[in-house]
Amino acid sequence: MKYSAALALLLSISTLQAGILSPDTSGGKVRCVYSGTEGNCVEPALDSSHQLVITVFGQGVAPTVTASPAQAYALAKRAALADGYRQIAERIKGVHIEGQDSIKNMMLQRSIVRTSVDAMVRGANVMDTTFKDGLCEVELEIVLSYSQFSQ
């Protein structure tokens, strides 16, 4: 079980959105942008002298059967927002990973990995929305301060 949990952790880390960490000299903010698999993101520390700005890109696909193009856009945008909120929650609260392996005759029969996150996201702002070829991408940004977590 220890090995399956470690494997699940490694697999989930590789699938998390990678990012770029860059200090922003204006206003004492630290920016961490998660936008794909390129690059490595070092987890920034939230201290009392800085604010942390997290930017994520949520994606949603329009269903193939809709009553109108407007409905397809609205549904894809809603899915993209949900994906963006999930990514923010994962970055702030972390991901709970549960794994289970079934072994018979020294061979792996079945491997199950479940991930979940339980958080409330408040104060995220939609920065940009694009819709092209049935794919909606929403850029969400949230600013965190030390005082929000020190209470």
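The values are calculated or read from the model by the stated rules, or taken from the named source; none is laboratory data. No experiment lies behind these values; they were computed from the predicted model shown. Here Cβ is always computed from backbone atoms with ideal geometry, including for glycine, and neighbour counts include all displayed protein chains.
For the reader, a short list of remarks on this structure follows.
- Index of the failed condition, GLY94 passing every other in (1) under 18 Å from ALA119 (Cβ atoms); (2) in contact (Cβ under 8 Å) with a residue 40 or more places away in the chain: (2)
- In summary, GLY60 fulfils each of the numbered conditions (1) assigned to a strand (DSSP E or B); (2) over 16 Å from the mean Cα position of the chain (by Cα) with the single exception of condition (2).
- Index of the failed condition, GLY99 passing every other in (1) surrounded by 13 or more Cβ atoms within 10 Å (Cβ to Cβ); (2) under 13 Å from the mean Cα position of the chain (by Cα): (2)
Yes/no matrix, rows are residues, columns are (1) more than 26 Å from GLN148 (Cβ to Cβ); (2) surrounded by 13 or more Cβ atoms within 10 Å (Cβ to Cβ); (3) within 21 Å of the chain's Cα centre (by Cα):
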residue	(1), (2), (3)
PRO69	yes, no, no
SER111	yes, yes, no
SER116	no, no, yes
ASP128	no, no, yes
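- Hey, LYS93 more than 25 Å from VAL61 (Cα to Cα), basic (Lys, Arg), surrounded by 13 or more Cβ atoms within 10 Å (Cβ to Cβ) and modelled with pLDDT under 95 or not: yes
- Whichever residue in the stretch 92-109 is assigned to a strand (DSSP E or B) and of a type in the set (A, V, I, L, M, F, W, C) and, among such residues, is nearest to LEU144 (Cα to Cα): ILE97
- Qualifying residue in the stretch 74-86 (condition: farther than 17 Å from VAL56 by Cα, touching a residue at least 12 places away in the same chain (Cβ under 8 Å) and part of a helix (DSSP H, G or I)): yes
- In the set (1) of a type in the set (Lys, Arg); (2) under 19 Å from the mean Cα position of the chain (by Cα); (3) surrounded by 10 or more Cβ atoms within 10 Å (Cβ to Cβ); (4) at pLDDT below 95, ARG78 fails one condition alone, (4).
- For the stretch 108-141, filtering for residues that are over 14 Å from GLY84 (Cβ atoms), of a type outside the set (Phe, Trp, Tyr) and in contact with a Phe, Trp or Tyr (Cβ under 8 Å, 6 or more places away or on another chain) leaves 0.
- Any hit, the stretch 123-140, residues being among the hydrophobic types (A, V, I, L, M, F, W, C), within 19 Å of GLY60 (Cβ to Cβ) and not in a strand (DSSP E or B): yes
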